[in-house]
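Here's the structure, in structure tokens; my notes come after.
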Amino acid sequence: MSFALQNALSGVVASIPSPPVSFIDLGPLRIHFYALCIITGIILAVLITNHRLTKRGAEPWVVIDIAILAVPLAIIAARIFHVLTHPGFYFGPGKNIWAVFYIWEGGIAIYGALIGGAIGAWLGCKWSGIRFWTFADALAPGLLLAQAIGRFGNWFNHELFGLPTDLPWGLEIESTNPAFPAGLAEATLFHPTFLYEVIWNSLGVIVLLWLGRKLFFQWGRLFAVYLIWYGAGRIVWESIRIDPSEIYLGLRTNVWAAIIGVVVGIVILVVQSRRHPGIEPSPYMPGRGRKDADVESADSLDFVDVSAPPSDEVTAGASATSTAPTDAEGTR
């Protein structure tokens, strides 16, 4: 009996079907939609970050220099984090340990990606001369959009769904799915946690873009809001998921990771607000600047928005009559 007929008989008005296929074959090449979702998200995040950094005064496409290190490290760390927090999937009797490398089947953790990506971004920023926090703030909206798009990969893979529900937007999952709970009727619908996160993250992108227009949200403060926003939503969606997960003190591993993410965001917001009450003088670190040939040497000097009242940081070391900005705060 089909889902549609069973749901009609049970009084369910509608439901969200799972995609019938999760990949396509082009000759000998198999392309997984999960991978396409991840790649699409990465490309859009790079484009948005490049636009935001360029508007800030950085050299066009300097984001590529940073992404070359950040993206691979993010993917590797995301996979490692997933494997470490779901050891039962890969280790033990009857398990295929080589599945650790089958990343196209799903299983990358955003908090692992944040750790690896942060390390790669820090190294890339040192290499390119971009301030790390400037890059993080420029990245925040695009990163959240990439996560929203990436969640469609879970939909294609028929994975990471939530508790059973009789809501009209319940997600259809075939009873032959290994993650389908034993003892439930075949027509059981589940909370589409992928969709909840897509909506939450998309709203977050709008919020971050709006806040990013305000000078206060510099020095990593916009990235801090990203951590708080994403973590708050993830705590809720993760709490209703039913896929296997390690449990510590009654909470799933990723719930703890989300809580830590929120706390880290709050700490960054508070600390950076105290350390840097002024605005960033430049997207570049002290002594570094644009390398493109069209920029005159004078343009490598840091600049500030002179319409804003000067802060102690911006004016530290400058004479009372000088309007030249300073990079003193960048050495902290």
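The values are calculated or read from the model by the stated rules, or taken from the named source; none is laboratory data. Just so we're clear, the structure is a prediction, and the values are computed from it rather than from any experiment. For neighbour counting, all protein chains shown are included, and Cβ atoms are generated from backbone atoms with ideal geometry for every residue, glycine included. The accessibility values were calculated without ligands, DNA or RNA, using every heavy atom of the protein model including side chains. Shrake-Rupley method; radii C 1.70, N 1.55, O 1.52, S 1.80 Å.
Computed quantities for the displayed model
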item: Filter result for the condition that a residue is part of a helix (DSSP H, G or I) and at pLDDT below 90, over Asn50, Asn7; result: Asn7
item: Unmet criterion (only one of (1) assigned to a helix (DSSP H, G or I); (2) at pLDDT below 95; (3) of a type in the set (A, V, I, L, M)) for Ile279; result: (1)
item: Conditions (1) hydrophobic (A, V, I, L, M, F, W, C); (2) farther than 18 Å from Pro283 by Cα; (3) within 16 Å of the chain's Cα centre (by Cα); (4) open to solvent by less than 70 Å² (accessible area, probe 1.4 Å); number of the one not met by Ile39; result: (4)
item: Pairs where the first residue, in the range 124-150, is more than 22 Å from Ser273 (Cα to Cα) and the second is among the basic types (Lys, Arg), C-beta under 8 Å, 6+ apart; result: Gly129/Arg288; Gly142/Arg52
item: Within the range 246-276, tally of residues that are in a loop (DSSP other than H, G, I, E, B) and either closer than 18 Å to Val236 by Cβ or without any contact (Cβ under 8 Å) to a residue 12 or more places away in the chain (or both); result: 2
item: Every residue from the range 170-221 that is hydrophobic (A, V, I, L, M, F, W, C), under 27 Å from Leu143 (Cα atoms) and in a loop (DSSP other than H, G, I, E, B); result: Leu215, Phe216, Phe217, Trp219
item: Evaluation of Ala74 against (1) touching a residue at least 60 places away in the same chain (Cβ under 8 Å); (2) crowded, with 21+ Cβ neighbours inside 10 Å (one fails), failing number; result: (1)
item: Residue count, the range 77-97 (criterion: part of a loop (DSSP other than H, G, I, E, B) and either open to solvent by 40 Å² or more (accessible area, probe 1.4 Å) or touching a residue at least 12 places away in the same chain (Cβ under 8 Å) (or both)); result: 7
